[in-house]
Every structure is written in structure tokens, then in C-alpha cells.
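Colleague: Below is the structure I would like to discuss, written out as C-alpha cells.
The values are calculated or read from the model by the stated rules, or taken from the named source; none is laboratory data. Here the structure is a predicted model, which means the values were calculated and not measured. Here Cβ is always computed from backbone atoms with ideal geometry, including for glycine, and neighbour counts include all displayed protein chains. The area values use the complete protein model at the heavy-atom level, side chains included, leaving out ligands, DNA and RNA. Shrake-Rupley method; radii C 1.70, N 1.55, O 1.52, S 1.80 Å.
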Amino acid sequence: MKCLLLHDPDPRYDNVLSDNNIQITNLPVLQTTVLNLDHSSDNSPAKHDGIIISSKHGAKFLIKNKIDISGKSLAIVGPATAKIVRKYADQFDDVTLVWEDNASLLSQTILSSFPRSHSWIFYCGNKALDILPSILSEHGVRLKQLVVYTVEKRPESEKDLSLLDIGVFEAVVFFSPSGVDYTGEFLRDKLSDRCVLVAFGKSTAAALSQCFNDVFVIRICEHPTPSGVLDVLMSL
């Protein structure tokens with residue numbers, strides 16, 4: 001099977017897929033910039049009971065700024081991001097960390113595991129979806145959203161895509177709604193009718209369905225991990 005991963009080269013994915021005879025091509029379509037921000041006023045984590053982080057870029061902001069998380073509650077989306085944050089948290093005292101595979105599940109865990117009086121600051125990106133804030137807001141949980149990184153289209157991505165024979169791929173893996181937004185229109189008329197679109201999560205699947213008008217088969221990874229991607233590809 002030939003598979004296109006719209007993602008930076010990552011040994012975790014490259015190794016597990018190649019070991020199972022899947023021929024992969026990596027093509028990064030996004031560029032991310034972690035911001036430098038003033039921690040005064042409401043931006044200070046000291047004014048909140050907990051911190052929500054939904055991606056490795058939010059984790060990078062936490063670590064880059066050497067934020068003191070002693071006594072804080074941490075709520076994380078995704079096992080890879082949770083691993084990064086847990087390693088950082090080991091140097092602090094009295095840290096509570098919970099994580100889930102997606103924002104919807106994490107919202108429910110926050111509601112069931114912490115007092116509604118808890119105040120949270122959410123380290124998010126400029127393309128963050130409204131799933132988690134909406135659910136928490138509906139239940140009266142105080143949440144401050146702080147954009148700590150920006151996600152933009154990588155300028156060379158369309159040129160790089162144009163150099164590929166898109167029609168040979170039997171599967172394309174999309175890792176975020178932004179990846180769909182930036183590449184979907186370009187790919188739509190170039191993919192083989194037999195190509196399967198693999199979504200890293202439900203939000204990405206929804207973006208694919210809207211962009212491709214359900215013309216292609218869309219499969220969703222049960223877990224946002226390399227093995228989750230492999231499970232989908234091996235089932236095709």
C-alpha cells in the first residue's frame with residue numbers, strides 16, 4: 001500500500017508503518033510558531049487552578065516559558081502531548097494530570113474530576129476549535145483561552161504536492177482540520193477514486209466530509225497514535 005502522510009517526518013509513524021510494508025510519503029503542510037507572551041494579568045497561570053493543553057505546541061509553550069505548575073491541575077488532549085507534559089511536571093510538587101484522546105472526552109473528564117469552581121487557562125492555537133470551551137461554558141466552568149501558537153499553511157506545500165503523482169496513493173492521512181482546509185481543494189480532483197481518506201480524529205473527519213462531499217471513503221483513527229493509524233490502514 002502507498003500512503004501519503006500530510007505531516008512532518010516522524011520516526012514513530014515512519015517505523016511502525018514501514019515495518020508493516022506500507023510505503024509512506026511524508027509531506028508537511030503546516031508551519032507552527034510558538035509565541036512569546038506576557039504572563040501578567042489574566043495570562044498568568046498563577047491566577048487559575050488548572051491549565052488545559054490540546055497539542056504538543058501548547059506543551060512547548062509551557063516548557064519554553066518554564067511555567068511553574070506546582071499545585072496545578074493539568075488537563076491534556078492526546079497521549080503524546082500528555083507524555084511531554086508529564087515529563088515536565090515531574091519536577092514540580094502536587095501536580096494532578098489527566099488526559100483523554102480528544103477534546104470532547106477531556107471536557108467530560110474535567111467536569112467529572114474537578115470542582116465546577118475551578119478556573120482554567122487553555123493554551124491553544126489560533127485555529128483551535130470551540131468544542132472544549134463550549135462544553136465547559138455550558139456547565140458554568142470558568143475558562144480563559146490564550147493563543148500561544150499560530151498555525152499557518154507552509155508556503156511550499158502546494159508546490160511540493162504538485163510534484164507528487166497523487167493518483168498512486170491508496171490512502172491519505174490527515175492529522176488536523178487545518179490540514180484539510182489547506183490541502184483539500186488541491187487534492188480533490190487528483191486523488192484516485194479508490195483512495196481512502198484517513199482522519200486522525202472526529203473533527204478532522206468532519207472537515208473531510210465537508211470538503212470532499214462524501215465522495216471518498218473516510219475512516220477515523222480510533223486512537224490518535226501511530227498504532228491507531230496503522231490499525232486503519234491494515235483494515236483497508
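Colleague: How much of Leu191 can a 1.4 Å solvent probe reach, expressed as accessible area in Å² and rounded to 10?
Modeller: Leu191 exposes around 10 Å² with every protein chain in place.
Colleague: For the range 111-122, in order, what is each residue's ³J(HN,Hα) by Karplus, 6.51 cos²θ - 1.76 cosθ + 1.60 with θ = phi - 60°, in whole Hz (x at glycine and Pro)?
Modeller: 5, 8, 10, 10, x, 5, 6, 4, 9, 10, 10, 10
Colleague: Can I ask one more? Subtract the Cα-Cα distance of Asp19 and Ser137 from 0.36 nm times their separation in residues, and report this length gain in nm to one decimal.
Modeller: Contour length minus Cα-Cα distance gives 38.0 nm.
Colleague: Mind listing the long-range amide H neighbours of Arg219? Cut-off is under 5 Å, sequence gap 5 or more, other chains count too, H placed in the peptide plane at 1.01 Å from N.
Modeller: Close amide H contacts, sequence-distant or interchain: Leu197, Val198, Ala199.
Colleague: Build a GNM of the chain with springs between Cα atoms under 10 Å: which of Lys153, Lys47, Lys144 gets the top mean-square fluctuation?
Modeller: Lys47
Colleague: Working with all protein chains in place, sort Asp14, Asp214 by solvent-accessible area computed with a 1.4 Å probe, largest first.
Modeller: Asp214, Asp14
Colleague: Let's see if you can work this out: charge +1 on each Lys and Arg Cβ, -1 on each Asp and Glu Cβ, no other charges. What is the dipole magnitude of the range 1-61 about its Cα centre, in debye to the nearest 20?
Modeller: So the dipole magnitude of the range 1-61 works out to roughly 80 debye.
Colleague: Helix 177-188 sits at what angle to the longest principal axis of the chain, using alpha carbons and giving 0 to 90 degrees rounded to 10?
Modeller: 10
Colleague: A follow-up question, please. Determine the percent antiparallel among the DSSP beta bridges restricted to the chain, to the nearest 5.
Modeller: Around 10 percent of the beta bridges assigned by DSSP in the chain are antiparallel ones.
Colleague: Note down the nm distance, to one decimal, between modelled labels 7 Å out along Cα→Cβ at Asp8 and at Lys190.
Modeller: 2.3
Colleague: Compute the relative contact order of the chain as a whole-number percentage, counting only Cα pairs closer than 8 Å that sit 6 or more residues apart in sequence.
Modeller: 21
Colleague: Quick one: accessible area per residue over the chain, 1.4 Å probe, rounded to a whole number of Å²?
Modeller: Here the residues of the chain average 50 Å² of exposed surface.
Colleague: Same structure again: Just the projected area, averaged over all directions, of the convex hull on the alpha carbon atoms of the range 55-147: how many nm²?
Modeller: 5.5
Colleague: Still on this structure, I have one more. Which aspartates and glutamates, on any chain, are close to Lys47 with Cα under 18 Å apart, when same-chain ones fewer than 8 places away are left out?
Modeller: Asp38, Asp68, Asp93, Asp94
Colleague: Considering the dipole of the chain built from charges on the beta carbon (Lys and Arg +1, Asp and Glu -1) around the Cα centre, which of Tyr149, Leu35, Ala89 is farthest to its positive end?
Modeller: My answer, from the dipole projection, is Ala89.
Colleague: Separate question: Work out the length of the dipole vector of the range 15-142 about its Cα centre, built from +1 on the beta-carbon of each Lys and Arg and -1 on the beta-carbon of each Asp and Glu, and round it to the nearest 20 debye.
Modeller: It works out to roughly 240 debye.
Colleague: Could you tell me which of rounded, prolate or oblate describes the range 114-235, using a ≥ b ≥ c as the square roots of the eigenvalues of the alpha-carbon gyration tensor, with rounded for a/c under 1.5 and, failing that, prolate when a/b is larger than b/c and oblate otherwise?
Modeller: Taking the square roots of the gyration eigenvalues as a ≥ b ≥ c, the range 114-235 is prolate.
Colleague: Let me ask something additional. Any chance you could give the angle, 0 to 90 degrees and rounded to 10, that helix 202-212 forms with the longest Cα principal axis of the chain?
Modeller: Here the helix axis deviates by roughly 40 degrees.
Colleague: Another question, then. Within the accessible area of the chain, what % is carbon and sulfur when the probe is 1.4 Å and the other protein chains stay in place?
Modeller: Percent of accessible area from carbon and sulfur atoms in the chain: 47.
Colleague: Among [x] 123; [y] 144; [z] 179, find the value of volume of the Cα convex hull per residue in Å³ that was calculated from the structure presented, and write down its label.
Modeller: Read-out taken from this structure: [x].
Colleague: Compute the angle between helix 79-89 and the longest alpha-carbon principal axis of the chain, please, reported from 0 to 90 degrees and rounded to the nearest 10.
Modeller: 30
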